[in-house]
1. From the residues Ala291, Ala104, Val92, which one has its Cα farthest along the dipole of the chain in the positive direction, the dipole being from +1 and -1 charges on Cβ of Lys/Arg and Asp/Glu about the Cα centre?
2. For Ser485 and Ala259 in one chain, what is 0.36 nm times their gap in residues minus the Cα-Cα distance, to one decimal in nm?
3. As I understand it, the value is the acute angle between the Cα axis of helix 374-387 and the longest principal axis of the Cα atoms of the chain; what does it come to in degrees, rounded to 10?
4. So what's the back-of-envelope 222 nm ellipticity for the chain, counting only DSSP H runs of four-plus at -39500 (n - 2.57) apiece and dividing by all residues, rounded to 500?
5. Quick one: grab the alpha carbon gyration tensor of segment 465-511, order the square roots of its eigenvalues as a ≥ b ≥ c, and give me rounded if a/c is under 1.5, else prolate or oblate depending on whether a/b is larger than b/c.
6. Highest mean first, how do 39-52, 456-469 rank when packing is the count of other Cβ atoms within 10 Å averaged over residues?
7. Take the Cα pairs of the chain, get the Kirkwood Rh, then feed it into Stokes-Einstein at 20 °C and 1.002 mPa s and tell me D in µm²/s.
8. Between segment 25-41 and segment 486-533, how many Å separate their Cα centres?
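Bear in mind these aren't lab numbers, they're just calculated from the coordinates by the rules spelled out. All of these numbers come straight from a predicted model, not from anything done at the bench. All Cβ positions, even for glycine, are placed from backbone atoms using ideal geometry, and neighbour counts span all protein chains on display.
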Amino acid sequence: MNMSLASFNVPDRPANPDVVIVGAGPVGLYAAARLAQFGASVLILERASEPMRRGSKALCVQSDVIDLLDNVGCGHPVREAGCAWNLSRTYVRNTEVRTTRFDAGPTGTPAFVNLPQWQIEDLLRAAGERTGRVRIVWGAEFDGLEQDAEDPDPDRKVDIRFQQDGAVRTVSTTFLLGCDGVRSNVRETLGVEWLGRVHADRFLIVDAEFDVDWPKERRFWFDAPSNPGRQIVVHPQPGRMWRLDWQLPKDCDPKAEIAPHRIADRIETLAGTREHRLEWASTYRFHQRHAARMRLGNVFLLGDAAHALPPFGARGMNSGLQDAENLCWKLAAVLEGQAAADILTTFDRERFKAARENVAITGKTIRFMVPPTRLHHWYRNALVRGAARFPALNGLINSGKMSTPTSYRGLDTVQRRTRGNLRPGDIVPNLSLGSDALRAHLAGGFGLIAARQSPAGERIEAALPFISRLGVTLIWADDAEYAASHKLTDLLRQAAAPALLVRPDGYLAGVLIQDIRAELTQLLKPYGIRPAPVSGPSDRTIPVAGISGHPTSTGATQ
């Protein structure tokens, strides 16, 4: 084993880190690397004794999330190593009834890239190691916590117990992140209600390598000829590897279904070849659940610990990484004293909305795929049979709505606005601006986009000293560097506003119209952002950006 991945044995009372994360899956590892960029010290407690390097699991990464991975230097290697795809086909038996083509992201990032979860974890683990601020304790079983407040407070500590090598150890931290999966011990210890259900239907998942002339695209079958009355999903992986999911009969024996000869039979009837190399196989029942809340005091729930979703639509890991991105810049701002702790309540509101939305969307898919009543079953079967004959019905076929970032419109912390297609609470397209993308220009802080040669530009220039004290990066849409492409001026046009305030996670915080200082103060109020003390006059046009000026990349992306 790589020495850097060996178990890190901590003393009974290790040095107290700023943040402790329970769980070294993709969400916990991304959160650790991101927090470390902002200067936080992070300790990860992982139950497993070493990394698991098999099984595709959450393999499908959505375009916007790949751009998030660029924040920690992992986006480029995911693009390079993964299998890109942009086409999804749905069949009823052997008749294609629906084709969906997905657009690439604004930076040219493929709509989706498939890469086994363990490879993504390896990349994220290395990103954390490069910072020098992340430590992983392998073989550490979370055993409880104590905190004395239900409101976030950076002046209070969370005391954590965990077991390692038969000994009970403790560590104190300012913030604890529960990233420990569907059966989260952190969630259970907090007493947070786990709402929803586990579905009775069971699926077989297989990673297998074989030669077949299949296109690199997602394919979904209702009433598949090789799996009558049930579904099959096929996902491409890098090289000759394929991810295959079969819906199983309700009365099946799960152990019998993962027997090698039984899997060989299934592959032969689906792909026409029995020759294959079996990489991994498992059966699962999917969850349709979410936590009743995602924060209690200084403890937060992220990823599968906060929401468990069926795999159809690739909303599990993608939404978990979005949880982490939403939280990390806010934690960093509080730890650095640049924001009040109230900012942390926005995480619960925003990501709870995302969790409920994802549960609702996948719920509709599951009701269509696995009808809960005879009436639903009759309707579904009639619809899929009809769609094979009448194309007008194709839009009603639900084989999984693929993951997209959640909008926070409608929350009481979000500016109300009815004009424009791009509105406060929406994700701002990560435009390619020269050699970098928009989020790279934000440098981990807030960004203000406006046209210099405009009435709003004049008002902004008059407010430069105040803007600088807030640490907001100013991006002039009509500067020579950006004007030729018109991308930023088009962005202003989409929002129907003269100036846009963009958050560190790429969401539109709001628009500014007249009184720049007053409107900027109002927009930053929900985030508790405090202006830096006045240290003298400033005429900078590009204020120092980023929270506490920490770098926003652990390694250059190519």
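1. Checked the options; the winner is Val92.
2. Between Ser485 and Ala259, full extension yields 75.7 nm more.
3. Around 90 degrees separate the two axes.
4. Taking each H run of at least 4 residues, the total per residue is -8500 deg cm²/dmol.
5. oblate
6. 39-52, 456-469
7. The diffusion coefficient I find is 86 µm²/s.
8. One Cα centre to the other: 27 Å.
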